Structures are given as C-alpha cells and as structure tokens.
Amino acid sequence: MAVTDTGEPRQGIDRTRRSGSAAMVLVVALGLVAAAVGLMFVSRENAANYILMLLAALSTVGVFALFALAAGIVAFSGKDAANPMIRSLIDGAFDGVVVTDPKGRVLYANAAYLDLVNAVDARDVRPVERVFIGDPEVSEAVYRLLKAAREGRRLQEEVRFVGPGEQPARWLRLRVRPLGDSKHDRRSTVWTVADITREREKQENIFLELQHAIDYLDHAPAGFFSVDAQSAILYLNATLAAWLDYDLASVGSGGLKLSDIVSGEGASLLTTLRGAPGEVKTEVFDLDLKTRAGRTVPVRLFHNVAFGADAVAGVSRTLVLNRARDVAADPQRAAEVRFMRFFNRTPMAIATLDKGGHILRSNGLFARLFHDLLAGSGEKSTILSVIGARDRVALEAAIHKAAGGQGDIAPVDAQLAGPGERYATFYVTATEDDAGEAEAAIVYALETTQQRALENQVKQSQKMESVGQLAGGIAHDFNNVLSAIMMATDFLLNAHRPTDPSFQDIMQIKQNANRAASLVRQLLAFSRRQTLRPQVLDLNEVLSDLNMLLKRLIGESVKLDVVHGRDLWPVKADISQLEQVIVNLAVNARDAMPEGGGQLTLRTANVPAAEAAQFGYAGMPAADYAMIEARDTGSGIAPEVLGKIFEPFFTTKDIGKGTGLGLSTVYGIIKQTGGFIYPESEPGKGTTFRIFLPRHTPAPEEKDEAPAISGALAAAGDMAKLATADLTGRGTILLVEDEEGLRALNARGLASRGYTVLEASNGVEAMELIEAQGGRIDLVVSDVVMPEMDGPTLLREMRRTNPDLKMIFVSGYAEEAFQKNLPPDGKFTFLPKPFTLKQLVATVKETMAG
C-alpha cells in the first residue's frame, strides 16, 4: 500500500464525489418563480384556489420524496455514498487503477497509480497516454489500448518502460476496459497499470536456465530425440543430428518422421509398444539408424514412453548411444551388431516365446504385421491371439513340441484373426533354455496372403480354362449333330406344305435345334472359341442404339439411367457380341429386382493407366481402357456365390428360369475381346459390373472406316436379304467333310440349288479329286478338323497347284482356332456351324461371285 512521508496511508484522488446537483436546484427555482409570476396575472377571486392547488402539489411531491428516501429508493449523494469496503479495496490495491471520462480526463486514481506515475498531488495526475508520451516502445501499445477503449473492448499489453533520469527500466502490464455495462458507464474507461518487472525477471531467469539445459542436452555425448503419437519427430539434439547429417531447422516443422531416421522395420518396434493406463515404460532396443544419405548407424536406444488414461501411447523420449565407434576394436560388439542387423532386417517376422506362447521379444517386421491383432490382448501378448480359432490348436501343439526340445516341427499354415482374409505360415523351432520365463521357442512367420490369392487365381483360371476346353470340344461335336438336324429339317420343310399335319412338328424340331445352336454358341463364347468380327466402336453409340431395346427388356418397374462419358476412347470389338454382353447384364439386373423395381445405371468413362492401377483388380495390367459400368439396386450377390458367377451352368435362379450360361457367355466374350470384367456386390445393396476394354488407337488405314452398324440391325438386314435372294447357281463344288451323314445332307442341298457336287471324306481324297478333275473345280467347301489331312493343310497343298481356287471353311470351332496354321496369304471364307441350307447356299453363291 502507498504511504506518505509521515507513514500514513496515501489517499487516492476522486473527482466523482458531489453533494448534489446544481442543475436540479435551478430547475426547481425556475419552476417556483414561474408559478409566482403566473399568480400575479390571476384575478384576486381565483388566486386563492390556484395557491391552494400549488401548495397541494408541492405537499404531495414532498410526501412521496420522504417515503422514497425512507425506502432507500432515493439517496442523497455525498462523501459517504459509495461502499466503503469497495473503495478501501481499490484505494489500497497494489496495481494502479485510474478511471477516465470520454474526453480523457481523470475521474479517479488510486494511490498505487499516483506512485507509479510519480504524481505529487491532484493537479499532477495525468491519464495513461500522457504518462508514456514520447516513449516509442510504449506508444504503439498505448495507441492500441486507446482504440480498444473507444470501441468499448477489453485489451491487455505488456510494455518495457524507461523512466526519466537514471531510473531503471520497468515492465508494465496495461489493461483497459469499460467501467460497466450500462450506456452511461461504458462512456468511462478503467485503466489498470501493474509493475511486473520482478515477474519478467523470473521468466527470463527460467528461460536462461532452460537454454542452458537445452545447450547441455544438444552437445551431450549421446543422442536424444522425441516423437509424438503420429510418429513425427518433435526434437532432435545436435549430437544426433550431426551423426545423421540432418539440419536442425528441419526438425519440429512436421517434415521429419521416425521412419526417416530408423532403418528398415525398426520404427515399428518403437511405435507399437503397449502399456497399462498411466504407465511409464522404458524399453531397450538395438537398432540401425540411417543418415540422410542412407548410411546405417548401429545404436542402442533407451526408449521411454508414457501411456494415457486410455492406454494410448503419448509423446516418447529416447536416448541414443552410438555403437559404431568401437565396433572395429571390440569383436563382441561387432558380433552383437551383426546379429542385430540379421534379426531386424530378415524378410521374415521373428519372435521369441516362453512355454505359454507369450511374446518375449520380436523384430520390427513382426511388430508391423501383427500389431493390430495384438493391440487388445494385454501387455504380455500371446501369439495364439494373432491367428483364427480354427488353427490355434495346431500352433499351440507346435509350441509345446519346441518347448520340449523336439526338432523338425512341421510348419503351421493358419488364417490370421481380425477382419478380412489374411494368412501366414509359422515355423517353430526350439531353444536350449528351459528355465522359468526364459525363451522356450522361436517363431518365424511369413505372411502368405498374396501367395494364396495368386494360387486361388491360378486355380480358378485353370478351372475355367479346363471347363472352357471341355465346353469347346462338346460344342464342336454338337455343331456337327445340329448341322445335320437343321439341314434335314430344311429338306422336310421344303417337302411339306404348311397345311400338312406334320409341318408343325417339323417346325418344332427346327426351333429346338436353333435353341440348341444358341446354347452351343454360348458355350463357344465362354471357351473363347467363337468367331468374332471386331470393328472400331464408340461405346456411347452402342448404348444409345440399345436404349429402347433395354427399356423393353427390363420393364417399366426398373428405371434405366444411361450416363455417357465425354470424349470416350474408341475400342475394337464385335458389336453383336458386345450388345449381347450388355443385354445379359441388363436382364440379370432386372431379375435381381423382381418386386418393387429399382434402378439400373449404365455408365461409360475413360480409365487412364494411373486410374486403372488404383482399382487394384488382380490380373488387369495398368493401361488405358474404356469402361462400361452396370450398377443395379437389386438384392446383391452373397460373397460365397460371387466367385462362381462366371462358371458355366452355375445359376441361382429357379429351375427353368436360367441356363447358367448368361454370365459365362459375358465372361468369354470380354476375355476373347481382350478386356476384363470384375463384379462388386453387397447383399441388400446391389451389384456393380465393370467392363474394361483396351483403348484402340486407329491405324492410318482405319481412319475412313464406315461407322459400325448395330448387330441387331445387321442381323435383321441379313435375314431380309436371305428371304428375297435368288440362291440358285451353277458350278462344280468339292465338298470335304468327314461326317458322312452331314456330308450327304450338304451335298444334297447344294445339288438342289443347281450345283455339281463332288464329295471327299478328308484332305487326301480331296487332293486326288482335284488332280482328277484337272482344275475344273470352281469352289472347295471343307471342314477344318479331319483325319489324315485337315483343312488348313488341304488349303496349302491346293494353293500350290491352283492358287486362284476359292475355298470355304466350315467348322464348329472359331476361325481364330485354326487361322494361325494357315499361310499368310491364305484367302478363304468362313462359315461357322451349325448353319441352315439357306446360309450354306448363300455363302457359296457370294463366294463364287466374288
């Protein structure tokens, strides 16, 4: 408390104390004078009444004033009006307090403020801004405080003030705030000035001591670093920075991670420690650190980490001892470093166990692979917790064998615990130490998840290939049978009128033969042995052409939404086969939404190589693709079924509602086109099929190709032409077919259209007939697969003597299956089996005319 020279407490200055209001006195006086003047102009008869009324009014005001004074509603302001306790507290406060009005005049200042500003009496009291005028270090802070005062805000500043003369510099804390919340009080400002010189001196002393401590730590003969929970390095001392060749300026800014200075998987050992809530744990690790240039430095780490109330590791502090200095001179230390590097850098996860299977020590790879699986198993984890319950018995038995000293323990293949499918192979070996909690077994673990995935892919591919070969072989044999049936029904239909009783039966046979031929084509599509006629396509145009057909197929209850990608890359595919793919996917989507309908979205987009790699689909190389995506909102596909949907004859539909060849056909067509198809589904949420077709870069000769015509339109046009064309002709045809019945029917059909037909059962007989005819044969129609001499060999031999002789190959296999065996200039026409009589004679006439 401030005191005077006589030792008495010094009083502050209060210019707000007043005994009354002069303005109010003047108002009352003027009112009374006005009343007296008014009575002078009133007649004597009425004056008495007005005087009585005036006295009554004054009496009423007086009575109410007395009651208000007694009730405390009205009080006389005076010297003792303020609360004496509050005034005593402010007057005796250690901090200087001064109140100013809107014009900056001092209304009140306590004794502490008078001492701070060296004021002698009331006339010497100045406001804060005038006290510090002229000091450049303080002026800016005072300006900000004045601005806050005018705006009615609170603000605080700390300034260093140098007094006049030889007074030492002082640190002051200046605060400003409005006097109160009312409109009248907010016009006045309260300033607080506190001398914080001693407080700042203490802070500076603490800072200097801290600087000394940091300096000692920076230049200690050992390294030190600190890491936060996100593995970012918060602090690195100068010694360790020099060892690792790092600039200290890059530390603490978030640019340096623990993995940047720890070699290999060693960082996993430091970041995967587990502890009890509130525990502080210190572990010792022998690891390799790495310099900025990648050179390794063998070290021993004393790693200290504190765990929070939730058992989550917080900021760690680690002491680093360099073990590289005496490696050359100390063989034992050199051996320890070599073992440490072998233990931590091996590509296998290694852990030592006690007899109960508890993990005693592990390398970094083990910590990284199994940390998530061990996180909830307590501080002393057991290795059995990382594998599924089904395989735990086998691993537990292997550990018991190792603890008993048994050798040659068979490895254990196990599925790991946790979400997803992960697998690992565990190799367990025994140690020689059997005492108590000491190491009883060593486990080497190798994750085999990717290996198993590749094995499953190979098995699935081999299975699909085997089924495809079987399907292709069956399809070839069926095509020969169906060709004979279809040809025979054509003869029967030509011999019967529509009014004949048996005509409808013959038509039924033909319709079923056509249906069987369709199934065979689907089998060939799955086995990728059908004949394709690829052409350059715009997928947006293909979807646009199919739009109306798809809407009729899926019905009104399913909404079709087609989203066209912009600037779509061209692809090269068979348009009719591609349309079949889209139709099959649309029909499957419709069948997956049988009740209340749903939505089918067909979307096209370009997929650059970088984006294709991000999909992560197995077997699909990173390249440029044009994608078709079919997404439905149906019932979805169960995970156990999803892997079988492309297998032929596999179906989840009711009996009679599906053949199981729809998706297998889709799979075969896309694969034969060179593309990829991948399904994604979640039960109850729908299914998405993504088709990736390779981007086609047109060659110069392809620039002027005619636009592709829809397969449906082309088929309709071909049928119309066949119905009206003249299929008769003349010429000698050599028919080569090893199936006698089919050869006879084909020969009969050609002969019925005016051709002379010579028959041969294989290529050798055909060559003999050609030599016997002396070149008088106009066309050769030959099967591809025949005994003794097949079709391609016949073509080569025939072209040696008759290079201009025309040839038609017929086969149940695809054209591509035998085309590689043909000479480069081997020109021929191909007619796939099964075919009708009209198709055969139309192809013959077109080839001979060409």
Quiz item: Label 7 Å along Cα→Cβ of THR425; region 438-453 residues with amide nitrogen under 17 Å?
Solution: 443-453
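For every other residue with a beta carbon closer than 12 angstrom to the beta carbon of MET767, add +1 if it is Lys or Arg and -1 if Asp or Glu, then tell me the sum.
Summing Lys and Arg as +1 and Asp and Glu as -1 gives -2.
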Exercise. With all protein chains present, calculate the accessible area of ARG130 using a 1.4 Å probe and round the result to the nearest 10 Å².
Key: 140
Practice problem: Set the Förster radius R0 to 51 Å, insert the Cβ-Cβ distance between ALA751 and LEU642 as r into 1/(1 + (r/R0)^6), and round the FRET efficiency to 0.05. | Solution: 0.40
Quiz prompt | By average C-beta atoms within 10 angstrom, highest first, the peptides 447-456, 483-492 | solution = 483-492, 447-456
Self-check item: Cα→Cβ-extended label distance, 7 Å offset, between THR499 and ALA276, nm
Solution: 10.6
Quiz item: Once a ≥ b ≥ c are taken as the square roots of the eigenvalues of the Cα gyration tensor of region 96-156, is the result rounded (a/c under 1.5), prolate (a/b larger than b/c) or oblate (a/b not larger than b/c)?
Solution: oblate
Quiz item: So for the pair ALA613, LYS551, with labels modelled 7 Å out along Cα→Cβ, what separation do we get in nm?
Solution: 4.3
Quiz item: What residues qualify as long-range amide H neighbours of GLY388, i.e. H under 5 Å apart, gap of 5 or more or another chain, H built at 1.01 Å from N?
Solution: GLN415, LEU416, ALA417
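Report, in listed order, any pair from LYS510/LYS806; LYS510/LYS551; LYS103/LYS147; LYS510/LYS833; LYS459/LYS671 with a Cα-Cα distance greater than 19 Å.
LYS510/LYS806; LYS510/LYS551
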Practice problem: Quantify, in whole percent, the carbon and sulfur part of the accessible surface of region 340-412 (1.4 Å probe; protein heavy atoms only). | Solution: 54
Quiz prompt | Karplus 3J(HN,Hα) series, Hz, for region 830-844 with 6.51 cos²θ - 1.76 cosθ + 1.60 (x for Gly, Pro) | solution = 10, 10, x, 7, x, 9, 8, 4, 5, 5, 5, 5, 5, 5, 4
Quiz prompt | Label-point separation, GLN450 to TYR678 (7 Å along Cα→Cβ), nm | solution = 1.6
Self-check item: Cα-based shape type of region 219-345, given that a ≥ b ≥ c are square roots of the gyration tensor eigenvalues and the cut on a/c is 1.5
Solution: oblate
Quiz item: Stretch VAL315-ALA394 to full length: gain in nm at 0.36 nm per residue minus the Cα-Cα span?
Solution: 24.5 nm
Quiz item: So if R0 is 35 Å, what FRET efficiency would TYR216 and ALA324 give, r being the distance between their Cβ atoms, rounded to the nearest 0.05?
Solution: 0.90
Practice problem: Determine the sum of side-chain charges near VAL443: Lys and Arg each +1, Asp and Glu each -1, restricted to other residues whose C-beta is under 14 angstrom from that of VAL443. | Solution: -2
Exercise. Would you please put 314-320, 406-412, 587-593 in order of how densely packed they are, using the mean number of other Cβ atoms within 10 angstrom per residue and starting with the highest?
Key: 587-593, 314-320, 406-412
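The values are calculated or read from the model by the stated rules, or taken from the named source; none is laboratory data. Here the structure is a predicted model, which is why all the values come from computation and not from measurement. Quick reminder, even Gly has a Cβ in these numbers, built from the backbone with ideal geometry, and neighbours come from all protein chains shown. Heavy atoms of the whole protein, side chains included, go into the accessibility calculation; ligands, DNA and RNA do not. Shrake-Rupley method; radii C 1.70, N 1.55, O 1.52, S 1.80 Å.
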